[in-house]
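Worksheet for the structure shown next.
The values are calculated or read from the model by the stated rules, or taken from the named source; none is laboratory data. Values in this document were obtained by computation on a predicted structure and should not be read as measured data. Heads up, the Cβs are rebuilt from the backbone with ideal geometry, glycines too, and the neighbour counts pull from every protein chain shown. Keep in mind that these areas ignore ligands, DNA and RNA; they rest on the heavy atoms of the full protein, side chains included. Shrake-Rupley method; radii C 1.70, N 1.55, O 1.52, S 1.80 Å.
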Amino acid sequence: MRVALTGAAGFLGSHLADRLIQEGHEVIGLDNFVTGDEANIAHLLDSGAFRLIRQDVSTYIDIPESLDYVLHFASPASPNPASPFGYPNLPIQTLKAGALGTLNTLGLAKAHQARYLLASTSEVYGDPQVHPQSESYWGNCDPIGPRSVYDEAKRFAEALTMAYMRFHNLNTRIVRIFNTFGPRMRLDDGRVVPNFIRQALRGEPLTVYGSGTQTRSFCYVSDLVEGIYRLMLSEEKYPVNLGNPTEITIRDFALLINELTGNKAGLITRFEEGLGDDPQRRRPDISRAKALLGWEPRVDLTTGLRETINYFRWKEQL
Ligand code: UDP
């Protein structure tokens, strides 16, 4: 099959491209490299199964070859205002990737009669008042808060995808991706996993934002890619959560990273950074993914973190 994949040079996009090519498919990758990294796809360029189009997906997309699938993974994805790659510093690009990028990729899929898969997010649940989050929960989002450029773009993207499914009969899928980590995350993207690992490998104290009692549930990238691949091949048109249901407080997560890296510098609390609309609890209910796809994560947090720490050690020579 031939697959168009936006955000192909990003963290998730590049892992997905690897998997698709490994399964014998051909990938046409689109990326404008605002947050993507050429190093993530350098090994694919000579594979004969990968073609790169440098393009901003918020502009009209024209691909002459026939397509079987369109997968939309392009978007800035870090909420950290301290990072140049975070969506608070790329607010218009983030809104355009989620809104115009979704419109253009849906149009591309329609023109080719291709199947479509939207990378959505647990951020559609906002700061959730229901725990754990199942797909039937409508969310608790502030439409003008600091995270709104991402949350509302993705909520719009889901609505648009459903409209193409209902009105144009397009064959669509929506995956709601919870916190995912692994090699190829940007060390400077400001998200908690690269931030803590970078600080730990430099022997610095880890910056815990807010009270540190907020929770997240971290999924290793290979598990996520397996779930996405299964969803892509399934017939499920309604949103499916993918993530690891093992929940941990950010404070305990910091302590675990210090333990795994042997960092003796401890933690420092930055209360002010946790203000705003930082979700206080997040854990996926993955019953639908289990029932529909026979999927659940296999890699435990410590194993995944060891792999990721090794990657950052190698990449940063730390
Ligand atoms: N966080 C933290 N220290 C950091 C970076 C993030 O304590 O250096 C916290 C952040 O406030 C949030 C959690 O870690 O509560 C996860 O943040 P991340 O940016 O990875 O993604 P989110 O799940 O918030 O979108």
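Quick one: length gained pulling residue 1 to residue 310 fully straight, 0.36 nm per residue minus the C-alpha distance? Can you show the working numbers first?
Values: separation 309, 0.36 × 309 = 111.24 nm, distance 3.40 nm.
Length gained, residue 1 through residue 310: 107.8 nm.
Give me the percent of Cα-Cα pairs in segment 154-257 that sit more than 25 Å apart, rounded to a whole number. Spell out each step's value before the answer.
Numbers: 1935 of 5356 pairs.
The calculated P(r) of segment 154-257 puts 36 percent of pairs beyond 25 Å.
Of the DSSP beta bridges with both residues in the chain, give the percent that are antiparallel, rounding to the nearest 5. So the antiparallel bridges amount to about 10 percent of the total.
Run the numbers on segment 1-79 and let me know its relative contact order in percent, using alpha-carbon pairs under 8 Å that are six or more apart.
On the way: 140 pairs, mean separation 33.2, N = 79.
Here the relative contact order equals 42 percent.
When the charge dipole of the chain is built from unit charges on Cβ atoms (+1 for Lys and Arg, -1 for Asp and Glu) and taken about the Cα centre, the candidate among 141, 129, 268 whose Cα reaches farthest toward its positive end is 129. Amide H contacts for residue 126 (H built 1.01 Å from N in the peptide plane; partners 5 or more residues away or on another chain; cut-off under 5 Å): 140. Going by the alpha-carbon gyration tensor, a ≥ b ≥ c the square roots of its eigenvalues, is segment 119-162 rounded (a/c under 1.5) or, if a/c is not under 1.5, prolate (a/b greater than b/c) versus oblate? Oblate, because a/c is 1.5 or more while a/b does not exceed b/c.
By accessible area of protein heavy atoms, probe 1.4 Å, what ranking do 125, 238 get, highest first? Intermediate results must be reported in sequence, preceding the final value.
Values: 125 0, 238 110 Å².
Order by accessible area, largest first: 238, 125.
In straight-distance terms, cross-link reach from residue 154 covers every one of the lysines whose alpha-carbon lies under 26 Å from its own, apart from those fewer than eight places away in the same chain; here that gives 96, 110, 237, 290.
For a label point 7 angstrom out from the Cα of residue 159 toward its Cβ, which stretches of segment 102-134 have the backbone nitrogen within less than 19 Å? Output list for this probe position: 102-107, 118-127.
Going by a ≥ b ≥ c, the root eigenvalues of the Cα gyration tensor, does segment 11-113 fall in the rounded group (a/c under 1.5), the prolate group (a/b larger than b/c) or the oblate group?
Working: a/c = 2.30, a/b = 1.30, b/c = 1.77.
Oblate, since a/c reaches 1.5 and b/c is not below a/b.
Using the Cα centre as the reference, give the magnitude of the dipole from point charges on the C-beta atoms of the chain (Lys, Arg: +1; Asp, Glu: -1; all else neutral), rounded to the nearest 20 debye. So the dipole magnitude of the chain works out to roughly 200 debye.
Rounded to the nearest 0.05, what FRET efficiency do residue 260 and residue 111 have when you use their Cβ-Cβ distance and R0 = 45 Å?
Details: r = 48 Å, r/R0 = 1.07.
Using R0 = 45 Å, I get an efficiency of 0.40.
Helices in the chain, meaning DSSP H runs of at least 4 residues, each add -39500 (n - 2.57). Divided by all residues, the mean residue ellipticity at 222 nm is -11000 deg cm²/dmol.
Which whole-angstrom value gives the distance between the alpha carbon centres of segment 88-159 and segment 253-303? If we compute the Cα centre of each part, the gap is 21 Å.
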